[in-house]
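Participant: Provided herewith is a single structure, encoded as structure tokens, for subsequent inquiry.
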Amino acid sequence: MAGTIQRQTRAQGRGVAAVRILLVLVAAAVAAVAGLVLVITLSARPLIVPPGAHDVHIPATVLPQVIQLEWADSSHCGGLAPGESCAVTSTVVRAEEIPLGIRAVAALPRAIEAIAIVVALLAIRRALQRIAGGTPFAPAVQADLRTAAIALVAGTLTRTALHPVGLVLLMRWWDGLAVEGLGKGAGLQPVHFSWPLLVFGLVIGCLVVAFRAGARLEEDAAGVI
């Protein structure tokens, strides 16, 4: 019987250790991807240019507020006969054409959300480590889960609140541009809201309440004994 319990305990410990490693890997991946995207957005340059490639650029769609941003040239369509049509030539706006300050403000909300995700993942990892150590209802476990919940909810709401700021600056810059003979086309993302992250944060917040109730029951049981 004791041997069976020990084997089960070791198996559970290995499972928790695997989950902790996975959380660290996911956090590292999120941080790496977010960092690369931020660097590309601010520099407006590709990190890797294939040999022999020419005119490689980063489009304005690297900004989370931009779906489409382009110039439309129809100057070659003059003098058409009735019934004839002409294809408008479109040129994608490059990220480097957008002022650095606007790019930084537009990219900031996405970076904040990524930081919040990393903080939450590492906090959950610490909580699992303490739970596996035999103290599931310790105050430190509740603190870690609370940190994860606050990070996810605050990160999501912060990105939602700051997203329109970059959008307004981008629209003012775009509306102020005018090139003779060229039209403008824009597709913009007015609102960003991540329901999955918010719901996940609220679920973890509910776990904090449940663990707090479990800690009280554990204290009451210890008092009875």
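Participant: Please work out which residue is modelled with the highest pLDDT, limiting yourself to segment 1-54 and to residues that are among the polar types (S, T, N, Q) and more than 20 Å from the chain's Cα centre (by Cα).
Facilitator: Of everything passing the filter in segment 1-54, 12 is modelled with the highest pLDDT.
Participant: Just wondering, is there one or more residues in segment 73-86 that are out of contact with any Gly (no Cβ under 8 Å at 6 or more places or on another chain), of a type outside the set (Ser, Thr, Tyr) and at pLDDT 80 or above?
Facilitator: Restricting attention to segment 73-86, the residues satisfying the condition of being out of contact with any Gly (no Cβ under 8 Å at 6 or more places or on another chain) are 76-86.
If we keep only those that are of a type outside the set (Ser, Thr, Tyr) as well, we get 76-84, 86.
Going one step further and asking which of them are at pLDDT 80 or above, we end up with none.
No, that holds for no residue.
Participant: How do the pairs read when you match residues in segment 130-145 that are over 16 Å from residue 210 (Cβ atoms) with residues anywhere that are part of a helix (DSSP H, G or I) and among the aliphatic types (A, V, I, L, M), using Cβ under 6 Å and keeping only pairs 6 or more apart or on different chains?
Facilitator: Between residues of segment 130-145 that are over 16 Å from residue 210 (Cβ atoms) and residues that are part of a helix (DSSP H, G or I) and among the aliphatic types (A, V, I, L, M), the close pairs are 132/16.
Participant: Where residues in segment 183-214 are crowded, with 17+ Cβ neighbours inside 10 Å and of a type in the set (A, V, I, L, M, F, W, C), which of them is nearest to residue 105 (Cα to Cα)?
Facilitator: 197
Participant: Let me ask something else. Which one of these does residue 149 not meet: (1) of a type in the set (A, V, I, L, M, F, W, C); (2) modelled with pLDDT under 95; (3) within 17 Å of the chain's Cα centre (by Cα)?
Facilitator: With (1) of a type in the set (A, V, I, L, M, F, W, C); (2) modelled with pLDDT under 95; (3) within 17 Å of the chain's Cα centre (by Cα) applied to residue 149, the lone miss is (2).
Participant: Next question. Does segment 87-100 hold any residues that are at pLDDT 90 or above and either farther than 22 Å from residue 187 by Cβ or of a type in the set (S, T, N, Q) (or both), and which are they?
Facilitator: Selection gives 100 alone.
Participant: Identify, from the list 162, 177, the residue that is part of a loop (DSSP other than H, G, I, E, B), more than 12 Å from the chain's Cα centre (by Cα), surrounded by 11 or more Cβ atoms within 10 Å (Cβ to Cβ) and free of Cβ contacts under 8 Å to residues at least 60 places away in the same chain. Quick ask: steps written out before the conclusion?
Facilitator: Numbers: 162 fails: part of a loop (DSSP other than H, G, I, E, B).
None of the others qualify; the one that does is 177.
The values are calculated or read from the model by the stated rules, or taken from the named source; none is laboratory data. Remember, predicted model here, so these are calculated numbers, not experimental data. Reconstructed Cβ throughout: ideal geometry from the backbone, glycine too, with neighbour counts over all protein chains shown.
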